[in-house]
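The values are calculated or read from the model by the stated rules, or taken from the named source; none is laboratory data. Quantities reported herein were computed from a predicted structural model and do not represent experimental measurements. Cβ atoms come from the backbone with ideal geometry, glycine included; neighbour counts cover every protein chain shown.
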Amino acid sequence: MSQQNIQALNKTAHAKTKIKTQSNFPHAASQHLAPVVVHEFSRAAAEFPVVFVKTGDTDKFQPVALFGIKPGENLYTATEKWEGTYAPASVTQFPFALIPEKKDAENLMVVIATDNAIVNEEEGNALFEDNGDESEYLTRRKEALGKYFEHSHITKGFTQTLAEKGLLMQQNLDITANGEKIQINGLYLVNEQKLNELSDEDYLDLRKRGFLAPIYAHLNSIHQINRLVKKKVALSA
């Protein structure tokens, strides 16, 4: 979530706050990738390459959807409307996020980024009713945040399992767009050969935990790189 004056959601401070409906997500305009949770793999993979990257300087992996083939390039925000049939929850939940409280990490709080075009007091979906109660809109948004938080934990277990079984291999992708050769580095993909060489016990473990479907969705999604190249060429034209 971009740092745009992030505040803890409060019915006093945000009594009149409204959220405009978005047809695009300008806050993601400079994001060439965004996190996805394992529950999104099938839908996201039909639209984007879904790959893994290392988070910071750690050895932990994060699955992401690629929106562009260069850092800072989002081919899906290039026009007034989102250029796709699906947008990941990490993009659509803006301007809200669910984070641990500073005093007690066990407790979660909803925060809102207030310095952007969709947060205002004139038009859009109200967060609170005149009597101070949460609006139905806010209740739905908070439920979605809670679900995403739960799914993020399951996703961490998924990626950790892939790493522990030695299935994630680094791969650089060489692409040509408009005559320009571009190399995408730092991506990790499931190695199909290693997947097929797993013991029956390990393979059955993946199946029982429901991990095979997202693995194959990820592998099939790599072909979506061609979609990104076509988008880039079309926009250049």
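Return a yes/no flag: does region 220-234 have any residue that is more than 23 Å from the chain's Cα centre (by Cα), surrounded by fewer than 16 Cβ atoms within 10 Å (Cβ to Cβ) and under 26 Å from Trp82 (Cα atoms). Looking through region 220-234, at least one residue is more than 23 Å from the chain's Cα centre (by Cα), surrounded by fewer than 16 Cβ atoms within 10 Å (Cβ to Cβ) and under 26 Å from Trp82 (Cα atoms).
If only residues of region 2-52 that are farther than 24 Å from Gln170 by Cβ and in contact with a Leu (Cβ under 6 Å, 6 or more places away or on another chain) are counted, the one that is surrounded by the fewest Cβ atoms within 10 Å (Cβ to Cβ) is His14.
Out of Lys81, Lys11, one residue alone is part of a loop (DSSP other than H, G, I, E, B) and in contact with a strand residue (DSSP E or B) (Cβ under 7 Å, 6 or more places away or on another chain). It is Lys11.
Consider Ala177 carefully, then state whether it is surrounded by 14 or more Cβ atoms within 10 Å (Cβ to Cβ), among the small types (Gly, Ala, Ser) and at pLDDT 95 or above. Spelling it out, it is not the case that Ala177 is surrounded by 14 or more Cβ atoms within 10 Å (Cβ to Cβ), among the small types (Gly, Ala, Ser) and at pLDDT 95 or above. Here Phe158, Phe149 are screened, and the one residue that is within 28 Å of Asn74 (Cα to Cα), in contact with a Phe, Trp or Tyr (Cβ under 9 Å, 6 or more places away or on another chain), part of a helix (DSSP H, G or I) and not hydroxyl-bearing (Ser, Thr, Tyr) is Phe158.
Looking at region 204-237 only, could you name the residues that are aromatic (Phe, Trp, Tyr) and either under 14 Å from Ile69 (Cβ atoms) or outside any loop (DSSP other than H, G, I, E, B) (or both)? Answer for region 204-237, where residues must be aromatic (Phe, Trp, Tyr) and either under 14 Å from Ile69 (Cβ atoms) or outside any loop (DSSP other than H, G, I, E, B) (or both): just Tyr216.
For beta carbons closer than 9 Å, sequence separation of 6+ or different chains, a first residue in region 177-191 that is under 18 Å from Ser221 (Cβ atoms) and a second that is among the basic types (Lys, Arg) and surrounded by 11 or more Cβ atoms within 10 Å (Cβ to Cβ), the qualifying pairs are Ile184/Lys70; Gly186/Lys54; Tyr188/Lys54. In this structure, Glu83 qualifies as charged (D, E, K, R), out of contact with any Gly (no Cβ under 6 Å at 6 or more places or on another chain) and either closer than 30 Å to Arg227 by Cα or modelled with pLDDT of 95 or more (or both). Reported count of residues in region 41-75, each being assigned to a strand (DSSP E or B) and either in contact with a helix residue (DSSP H, G or I) (Cβ under 8 Å, 6 or more places away or on another chain) or touching a residue at least 60 places away in the same chain (Cβ under 8 Å) (or both), is 10. Scanning region 161-203 for residues that are assigned to a loop (DSSP other than H, G, I, E, B) and either over 20 Å from Pro49 (Cβ atoms) or touching a strand residue (DSSP E or B) at 6+ places or on another chain (Cβ under 9 Å) (or both) turns up Lys165, Gly166, Leu167, Gly179, Asn191, Glu197, Leu198, Ser199.
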